[in-house]
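A quick write-up on the structure given underneath.
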Amino acid sequence: MRSLMRCITLFVLLLWSASLTLGVGLQAQEPLDCEDPFIPDATPAYYLGQGAVLIEQGQVARAVEAYSCAIEGDPTYAPAYARRAYAYAIMLDDRAALADYEQALTLDETLVDVYINRGALYTTLGNYGLAISDYSLALALEPDNVDALNNRAVVHAIEGNYDLALADAQAAIAADPDDVTAYATQGAIYSALSTQSYQTFIERGDEYARLPAGSPTGVMSAIDNSQRTGDMGIWLRFQVPAEQ
Amino acid sequence: MIRRLFSSLLIAVLAMTLFTVPTLAQNTQEKELPECPIFEDQSTDVRISYYVGEGLGYQRSGNLGQATDSFDCVVLVIDPSYVTGYMLRGRVLAQQRLLEEAVDDYTRAIELDSSLIEAYNNRGVLYMSLGEYDEAAADFARTIDLDPNFIEGYNNQAILSALNEDVDGAITILETALSRSNIADILASLKNPDRPSDAEFPKFDSINARPYALLGIMNSLKALQNYEDYITLTRSGADSRITSAAGMLESQFTFELRLDDGSWLLQANYDPFKE
């Protein structure tokens, strides 16, 4: 009889385990049901939490469903429009994204993240003026917002305004020296500036004008090497003698 | 509907393996406070809603560690008196096989709300898996004290009784469970030969049907016990048909009622997402 009890213990425990395992797996594809939050006093933010997980997991269409549930629960809830807009932007549904960004800002014009994300969408769409405008609005609300500064620097760089771009990238670094993004942006701006300078060198030199290391890429590689090894030879090639 | 789902969520019984004796140490309270920056400037109910939604999203996708982090935000940072937060975290901890910590969470929930049937029930199941049968029995008894129609309490009491080698007691408990709902009447109506073929299938909570399944198991156990008694007495002279029948039953308990084709028995009622 004792062995029987061990048997029944085993199978009952295994059944419990099986039920949970199967349940988790099956549920992943079930549609969201706006009427059934798991807590009775849920606010629309409940669906924003679910949406955040779905975005993180790449289930963007389902995240849109979650955000729509939040909007259904409270059509005046600006953060839900803001997040759904971001999801639409990921899905390349630009029109829907812009409509939701607009609605979010109509409901709450102080949502800094919405200006930033809409600015990024405008940048992607090539509407640089509108992008600059959104980033500037974000910075009017939060002057030290690193993301806004960095993103505006990018747009300035795209438009060839490297001085403005550098100013914004450096402001971002000053605002938060631990945020690495702006360092990359600043590096890219300097790269663009270097390319621009080499181009000027080539344009103004004669047909024999050549860079000391052969090409812009060669120079950058040599400089990178000099910083790692301490061999400053590349710099010596840029020296010129005084005219006698 | 919401209330039913909530109830279903809370009675989710948890995956088990045999572990050591629970200490009720407040392990979770020793955890470093998590960072919970989302909606930091918003009201408590907004923040709780967000992190509960996030936690359930992680749990649904099997990211149990992240689900625990979300529920940590609820009970360690936002509102240490939020009972549902402990229930939710307890369930995830149990899924992670952190049974003692899960017991702690249900205990905390009971401290905050001593009438919470689901917390007693879930803690009782955890105690069962930890081999603490006396504590489990007390918790299941408490569920029935609080609600004499709480069928899950009877079902779990019956399983516990069988584990304590009292199959007859288990059968009595299950028969009581059947008498506490209208499931027998529903069954009779379904078996009625005059029932129209196009009649709508009756609606009822499937948990009420489970005592029949458990009764089947208990009676099979009794049958096997009788077969084994016969084989013990007759030894090599046992009728081969009885020996075969005993072997088949034992095989069922070893194989058929396990993972592959036995999960029908308990799956729906222990899965809060299934509803």
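The values are calculated or read from the model by the stated rules, or taken from the named source; none is laboratory data. These figures come from a predicted structure and were not determined experimentally. Glycine also receives a Cβ, built like all others from the backbone with ideal geometry; neighbour counts cover every protein chain displayed.
So which residues in segment A:40-54 are surrounded by 20 or more Cβ atoms within 10 Å (Cβ to Cβ) and either more than 7 Å from every other protein chain (Cβ to nearest Cβ) or charged (D, E, K, R) (or both), if there are any at all?
Here is the first cut: in segment A:40-54, the ones surrounded by 20 or more Cβ atoms within 10 Å (Cβ to Cβ) are A:42-54.
Scanning segment A:40-54 gives A:44, A:51.
Condition first: outside any helix (DSSP H, G or I) and more than 14 Å from chain B (Cβ to nearest Cβ). Now tell me which residues in segment A:77-103 satisfy that.
The initial filter retains those residues of segment A:77-103 that are outside any helix (DSSP H, G or I), namely A:77, A:91-93.
A:91, A:92, A:93 - these are the residues of segment A:77-103 that are outside any helix (DSSP H, G or I) and more than 14 Å from chain B (Cβ to nearest Cβ).
Any idea which of A:228, A:210 is basic (Lys, Arg) and assigned to a helix (DSSP H, G or I)?
A:228
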With respect to residue A:236, is the statement that it is closer than 30 Å to residue A:113 by Cβ and not hydroxyl-bearing (Ser, Thr, Tyr) true? no
Given (1) part of a helix (DSSP H, G or I); (2) free of Cβ contacts under 8 Å to residues at least 12 places away in the same chain, residue B:203 misses just (1)
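Taking segment B:225-244 as the search range and keeping residues that are of a type in the set (Asp, Glu) and free of Cβ contacts under 8 Å to residues at least 12 places away in the same chain, which one is nearest to residue B:167 (Cα to Cα)? Before the answer, list the steps.
Within segment B:225-244, the subset of a type in the set (Asp, Glu) is B:228-229, B:239.
Those still in the list that are free of Cβ contacts under 8 Å to residues at least 12 places away in the same chain too: B:229, B:239.
Values: B:229: 15, B:239: 26 Å.
Selected residue: B:229.
From B:165, B:175, B:152, B:132, grab the single residue that is under 30 Å from residue B:61 (Cβ atoms) and among the charged types (D, E, K, R). So that I can check it myself, show each step before the final result.
Working: B:165 fails: under 30 Å from residue B:61 (Cβ atoms); B:175 fails: under 30 Å from residue B:61 (Cβ atoms); B:132 fails: under 30 Å from residue B:61 (Cβ atoms).
Just one listed residue meets the conditions, B:152.
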Pairing a residue in segment B:171-196 that is surrounded by fewer than 16 Cβ atoms within 10 Å (Cβ to Cβ) with any residue that is assigned to a helix (DSSP H, G or I) and not charged (D, E, K, R), where Cβ atoms lie under 7 Å and the two sit 6 or more apart in sequence or on different chains, gives B:184/B:178; B:195/B:189
- Task: Could you tell me whether any residue of segment B:54-63 is under 18 Å from residue A:66 (Cβ atoms) and acidic (Asp, Glu)?
- Result: yes
Out of (1) in contact with a helix residue (DSSP H, G or I) (Cβ under 9 Å, 6 or more places away or on another chain); (2) modelled with pLDDT under 95, the one residue A:48 does not meet is (2)
Within segment A:138-160, residues being over 18 Å from residue A:124 (Cβ atoms) and crowded, with 17+ Cβ neighbours inside 10 Å number 5
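Specify which of the listed residues (A:223, A:173, A:189, A:132) is assigned to a helix (DSSP H, G or I), free of Cβ contacts under 8 Å to residues at least 60 places away in the same chain and touching a Lys or Arg at 6+ places or on another chain (Cβ under 9 Å).
It is A:132.
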Condition first: in contact with an Asp or Glu (Cβ under 6 Å, 6 or more places away or on another chain) and among the basic types (Lys, Arg). Can you find one or more residues in segment A:210-217 that meet it?
no
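Just need a number here: residues in segment A:104-129 that are assigned to a loop (DSSP other than H, G, I, E, B) and not acidic (Asp, Glu).
Within segment A:104-129, the first condition is being assigned to a loop (DSSP other than H, G, I, E, B), and the residues that meet it are A:108-111, A:126-127.
Within this subset, residues satisfying the condition of being not acidic (Asp, Glu) are A:110-111, A:126-127.
Residues in segment A:104-129 being assigned to a loop (DSSP other than H, G, I, E, B) and not acidic (Asp, Glu): 4 in total.
Of the residues in segment A:36-66, how many are farther than 20 Å from residue B:44 by Cα and not in a loop (DSSP other than H, G, I, E, B)? Spell out how you get there, then give the answer.
The first filter runs over segment A:36-66 and keeps only residues farther than 20 Å from residue B:44 by Cα, leaving A:36, A:53-66.
Pick out the ones that are also not in a loop (DSSP other than H, G, I, E, B) and you get A:53-56, A:60-66.
Residues that pass the stated criteria total 11.
Out of all the residues in segment B:46-83, which are β-branched (Val, Ile, Thr) and within 11 Å of chain A (Cβ to nearest Cβ)? If you could, list the steps in order and put the result at the bottom.
Taking segment B:46-83 first, the residues β-branched (Val, Ile, Thr) are B:46, B:48, B:52, B:68, B:74-75, B:77-78, B:83.
Hits for segment B:46-83 are B:46, B:48, B:52, B:74, B:83.
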| Going by the conditions given, is residue B:178 assigned to a helix (DSSP H, G or I), of a type in the set (A, V, I, L, M, F, W, C) and modelled with pLDDT of 95 or more? | yes
